[in-house]
Amino acid sequence: MGGGAASAPRPLPAVRLEALSEATDPRLLASVLALRPGPGQDRYCLPASMTYPPASADPLRLPFAVMAQLPGPGAGERVVGFGTLDRHGQLEHLLDDPARGLLLRAFYVGRPHQGRGYGTAAARQARALAHALEPEAQLLVLCVHESNTAARTAYARAGFADSGARWMAQAADPQVVMVAALQPR
């Protein structure tokens, strides 16, 4: 190791999570549905165009857009990501007491917005949104492929910890079950 001073972690960008529903502005919804994961990430996450329709039709799920103020002249607030909070999902396989948690799923930051901290900031905000949705719940749970080290690092920065459990559904490789305490808004 070098003898230089350690650099402080960069501050996270401000993001806002906006719940999506039938009443959502069609332009906002079109922006969400146009989002794509980064190259090679399709093995980890399906695009919102495939996951939003079933999530929006399920009363146990809350789909949301990740909104951020983009830098640059005239950029303004834009959709940078998508995710879903799920009150059921596979929680019975992930927690001893499924009523204690909510599941963060179908979560990703769109290809052009990756590497800027939006995913970490949004995962942190998802903890507050989950608390508002289910005040009695205690944990936000997610599954991330063992091989997706960038996502695991981002989730850890957002306060998620490896629970020690693994989930094997139809995944190409085992998924790490990560948990974080819910946060009040």
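Counting only DSSP beta bridges whose two residues both lie in the chain, roughly 90 percent are antiparallel.
State the percentage of accessible surface on the chain attributable to carbon and sulfur atoms; use a 1.4 Å probe and exclude ligands, DNA and RNA.
The value for the chain is 54 percent carbon and sulfur by accessible area.
Percent of Cα-Cα pairs more than 16 Å apart in the range 31-125, please.
More than 16 Å apart: 58 percent of the Cα pairs in the range 31-125.
Specify the inter-centroid distance of the range 99-126 and the range 45-78, based on alpha-carbon positions, in whole Å. A separation of 10 Å, based on Cα centres.
Over the range 50-142, with the other protein chains present, what is the accessible area per residue in square angstrom, probe 1.4 angstrom?
Details: 4020 Å² over 93 residues.
I get 43 Å² per residue for this part.
Compute the length gained on full extension between R157 and M50: take 0.36 nm times their separation in residues and subtract their Cα-Cα distance, giving the result in nm to one decimal.
Computed gain between R157 and M50 is 35.7 nm.
Computed from Cα atoms alone, the Kirkwood hydrodynamic radius reported for the chain is 16.9 Å.
If one puts a single equal scatterer on every Cα of the range 81-185 and applies the Debye formula without solvent, what log₁₀ I(q)/I(0) results at q = 0.10, 0.11, 0.12, 0.21 Å⁻¹? Log10 of I(q)/I(0), two decimals: -0.24, -0.29, -0.35, -1.12.
FRET efficiency for L33 and H88, Cβ-Cβ distance as r, R0 = 22 Å, nearest 0.05?
0.40
The values are calculated or read from the model by the stated rules, or taken from the named source; none is laboratory data. Just so we're clear, the structure is a prediction, and the values are computed from it rather than from any experiment. Glycine gets a Cβ as well: all are built from the backbone with ideal geometry, and neighbour counts include every protein chain shown. Ligands, DNA and RNA are stripped out before the accessible areas are found, and what is left, the full protein with its side chains, is counted by its heavy atoms. Shrake-Rupley method; radii C 1.70, N 1.55, O 1.52, S 1.80 Å.
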